[in-house]
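Structure record follows, encoded as structure tokens.
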Amino acid sequence: MDEHSAVQHMTRVATELLDALPPAVRARAQQLPIDDPAVEAERVRWFYTPTDHGGVAVRELPPRQQSLVMQLLATGLTRPAYVTACTVMGLENVLDELEGWQVDWGRERGRDPGLYWVRVFGRPGDDTWGWRVGGHHLSVNLLVRAGRIAAVTPSFLGADPACSPALGGTLRPLGGTEDLARTLMRSLPAPERARALLHPRAVSDIVSGNRARVRPGDQMIHMPDLFRGPLPTPRLAALVDRIDETAETGSGYTEADHARLALDRRPQGVAGRDMTAEQRRLLRDLLATYTDRSPQPVADAHRRHYLDDRNLDLVHLAWAGSLAPGEPHYYRLTGPRLLVEYDNTQRHANHAHSVWRDPDGDFGLDPLAAHRATDPH
């Protein structure tokens, strides 16, 4: 499917979904007009915590409308990414059992696979419109401008638990994303590996957090600030504070450590240009586990982009924490219009976060993003 066909299909599904909703529900699922400052402020407000992501939750909808939400989500992802996203959503049931069915997030069910929200911004088919599907450990954000896919980031996938027992094996939704990076890092000669190491211990979360824009000097956002508005009850606030404190204690990070891991526009780590042919293959495969979190035509364009050695040369890998499987670690990939972060630190390194950002074009805020999103050159 080419980009034009992909946009047409996305537009049809979004229109069918909105038309199927009763007026009162549609009023919450769709925000108009997209150029209203209040609508724009909400469009760039995103989360990956178990908070209200804005819009209408899947559990509120009858089966046909739920199906349309999932069809819309599928239009924004390659099939492997869609399968991974569905697995992440289903992990809420596993996490509920893992926590003894006891964690109370101030709602009827603490971990709920129905609490994934959809919101459409603008009118599908207009010159500019977009949509978001998000919930715990999932945020997919798409913008269409002038009939082209103008933005596909921020794109977030997490997994808690990151590794679960399954019949005949294990379930690791982000396993490839973790293993490729570890294999690449371990393959580096000692001097390059030392250059790639940002810190001997891993930071407890992605550093970019849920900011609308990422900038040099940004440091990790603590968990209490990753929710929509103030937490509604003192009990819930205390729970979130306790989770954050446990994560910080586990990392052992001080203010100086967080400053050391701050985002930086200057290259950090080892560049693709300094890697062997096999290491460059691993780097391309690793990048694809992020850039494939987009409609197929966009994913294909990014793969072509990084097949060009000149572009791969500029991608840097940096790491923090242990290289041993099962121990806390963090890595980032940086380059022109690229920020990737991955951490697996919490819950004894069995709770993973991963995000793909375009520091210059997230949400299509860069007026040139409509061109660059599908032609990264």
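The values are calculated or read from the model by the stated rules, or taken from the named source; none is laboratory data. On a predicted model such as this, the values are computed, not experimentally measured, just so you know. Note: ideal-geometry Cβ built from the backbone for every residue, glycine included; neighbour counts use all protein chains shown. When the accessible area is computed, the model is the full protein with side chains, heavy atoms only, and any ligands, DNA or RNA have been set aside. Shrake-Rupley method; radii C 1.70, N 1.55, O 1.52, S 1.80 Å.
If packing is taken as the mean number of other Cβ atoms within 10 Å per residue, what is the order of 207-215, 165-173, 341-349, highest first?
Values: 207-215: 17.8, 165-173: 11.9, 341-349: 22.8.
So the peptides 207-215, 165-173, 341-349, ranked by packing, come out 341-349, 207-215, 165-173.
In the chain, the portion of solvent-accessible area held by carbon and sulfur atoms comes to 54 percent [1.4 Å probe, whole percent, DNA, RNA and ligands not counted]. Taking 37 °C and 0.692 mPa s as conditions, the stretch 261-334 diffuses translationally at an estimated 245 µm²/s according to Stokes-Einstein applied to its Kirkwood radius (Cα pairs).
Computed per residue of the chain from DSSP H runs no shorter than four, each worth -39500 (n - 2.57), the mean residue ellipticity at 222 nm is -11500 deg cm²/dmol. For the chain, the share of alpha carbon pairs falling in successive 20 Å distance bins from zero is 29, 60, 11, 0 percent.
A DSSP coil position with no more than 14 other Cβ atoms inside 10 Å describes the following chymotrypsin sites (Phe, Trp or Tyr not before Pro) in the stretch 72-179: Trp101. P(r) tail for the stretch 95-193: Cα pairs beyond 19 Å make up 64% of the total.
Write down the accessible area per residue of the chain in Å², having rolled a 1.4 Å probe over the full set of protein chains.
So the chain comes to 41 Å² accessible per residue, rounded to a whole number.
Measuring nothing but alpha carbons in the stretch 227-377 and taking Rh as the Kirkwood radius, the Rg to Rh ratio lands at 1.02. The label point for Ala324 and the one for Ala238, both projected 7 Å from the Cα toward the Cβ, are 3.6 nm apart. Structural size metrics of the stretch 57-103, computed from C-alpha coordinates, are Rg and Dmax of 12.9, 35 Å.
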